[in-house]
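First, the structure itself, so that you have it in front of you.
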Amino acid sequence: MKRIIFRLIISFSKFFLPFLARFFILLRINRRVINFLNEKSFLANNYYNFNKIIQMLLQNNKLIALDVGAQGGFNSDEFISKEYNKFFEPIMIEPIKEESDKLKKKYKYVLDKALWSSEITKKIYILEKRLGSSSMYEPDPSSFKIYNLNEKECDQFQITRTENINCEPLSLSLKKISINKLHYLKIDTQGSELEILRGMKEHNPLLMRIEVQILPMYKNIPPWTELVNFIDKMNYMLCDWKPIGKHATRVPAEMDMIFIPNYRSTIGKKFIIENQNEFISLMLIFSQLSLLKIISEELNFKSKNLIKDFNDRFFY
């Protein structure tokens, strides 16, 4: 009976939605409705609570997380549910002194050197009117219209000051604090993502969240295709992306992209199998249920039965 009712609801929805869409267009709210529903779809798996499973998998261990571009604190934008913050040991990278001093009051590991592909001194452009938008690259006003910025938002991209800061490779920063393994890497550096990855060397995370500018907002940053191609050559695969902010184009001008080791390659398969408890935990935290089920079956995870009864609500 439930299946019949469910099918009737789906049939009714297919008939009714085209008329509802026209109504939204007339009211000029169709895009807002779509964005709202997309956001709800992206967060749909937050309905589940994976705390017990993750606790069972990790025991008393923590997921080592490197947060590059850490203004505001770890997971300050709530990209993942805050209830999972307790499973991470964050390492915060923040080269601007006043910001790193704030972080040192809260976090065990705060590194105040910037990351680059080599040891070098670089100029950083500081935008004090806009949190988290300071960059090694100068803002490009010619791109602001593409980002659909109003006059007030454009004003936030004014450079308030510059500083010369010391940079070093990611691998060297981790060596200094005796971190040998990295589970999660988040990079949000307004254009420096590729140079930072070039300095990663042997530290291969199980999951990476990388901010990617499809249409550059800063001058002379590498093309996004070069960044993605580099990550592909690192033996990672793209499994998710989420648009960031406004844009005048029909595709997002900027996105957060999620990468995991390519489980279809020999190297990626071996890496995931050797770290399967941490991998499952991260995939649950980042709501990648359908893909996790496929990988669990293909790689014959010992804990695959823990997730078999969960359905990925993103696809509902």
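We did not get these values from a lab; they are worked out from the coordinates using the rules stated. Keep in mind that what you see is a predicted model, and the values were worked out from it rather than measured. We place every Cβ from the backbone using ideal geometry, glycine too, and count neighbours over all the protein chains shown.
Please compute, over every Cα-Cα pair in the range 167-211, the percentage with a separation greater than 14 angstrom.
Cα-Cα pairs in the range 167-211 separated by more than 14 Å: 47 percent.
Right, next: Would you please give the residues with an amide H less than 5 Å from that of Leu63, counting only those at least 5 places away or on a separate chain, with H modeled from the backbone geometry?
Phe88, Glu89
Calculate how large, on average over all directions, the projected area of the Cα convex hull of the range 119-207 is; give the answer in nm² to one decimal.
7.0 nm²
Using every pair of alpha-carbon atoms in the range 184-305, split the distances into 10 Å bins beginning at 0 and state the percent of pairs per bin, rounded to integers.
12, 43, 30, 13, 2
Can you sort Glu89, Glu297, Glu278 so the residue with the fewest Cβ neighbours within 10 Å comes first?
Glu297, Glu89, Glu278
Please provide three numbers in whole Å: the alpha-carbon extents of the range 200-258 along the principal axes, with the largest listed first.
39, 25, 13
Net charge within 12 Å of Tyr137 by Cβ-Cβ distance, Lys/Arg positive one each and Asp/Glu negative one each, not counting Tyr137 itself?
The answer is -1.
Cα atoms only, the chain: Rg and Dmax in Å?
For the chain, the Cα radius of gyration and maximum Cα-Cα distance read 21.2, 69 Å.
Got a sec to turn the phi values of the range 131-144 into Karplus ³J(HN,Hα) couplings, 6.51 cos²θ - 1.76 cosθ + 1.60 with θ = phi - 60°, whole Hz, x for Gly and Pro?
4, x, 10, 5, 8, 6, 10, 7, x, 10, x, 5, 9, 5
Calculate how many DSSP beta bridges within the chain are antiparallel, expressed in % of all such bridges and rounded to the nearest 5.
Percentage antiparallel, nearest 5: 55.
Skipping prolines and chain starts, which residues have an amide H placed within reach, meaning under 5 Å, of the one on Leu115, given they are 5 or more residues away or on another chain?
Under 5 Å from the amide H of Leu115 lie the amide H atoms of Glu168, each far enough along the sequence or on another chain.
Still on this model: State whether the range 27-159 is rounded, prolate or oblate according to the following rule on the C-alpha gyration tensor (a ≥ b ≥ c being the square roots of its eigenvalues): a/c under 1.5 gives rounded; otherwise a/b larger than b/c gives prolate, and the remaining case gives oblate.
oblate
What does the charge count around Asn220 come to, taking other residues whose C-beta lies under 15 Å from its C-beta (Lys +1, Arg +1, Asp -1, Glu -1)?
Summing Lys/Arg as +1 and Asp/Glu as -1 gives -2.
Still on this structure: Under 10 Å from the Cβ of Phe286, count the other residues' Cβ atoms, weight Lys and Arg +1, Asp and Glu -1, and hand me the total.
The answer is 0.
In addition: Hey, what's the Cα Rg ratio for the range 258-310 versus the globular rule of thumb, 2.2 N^0.38 Å?
1.01
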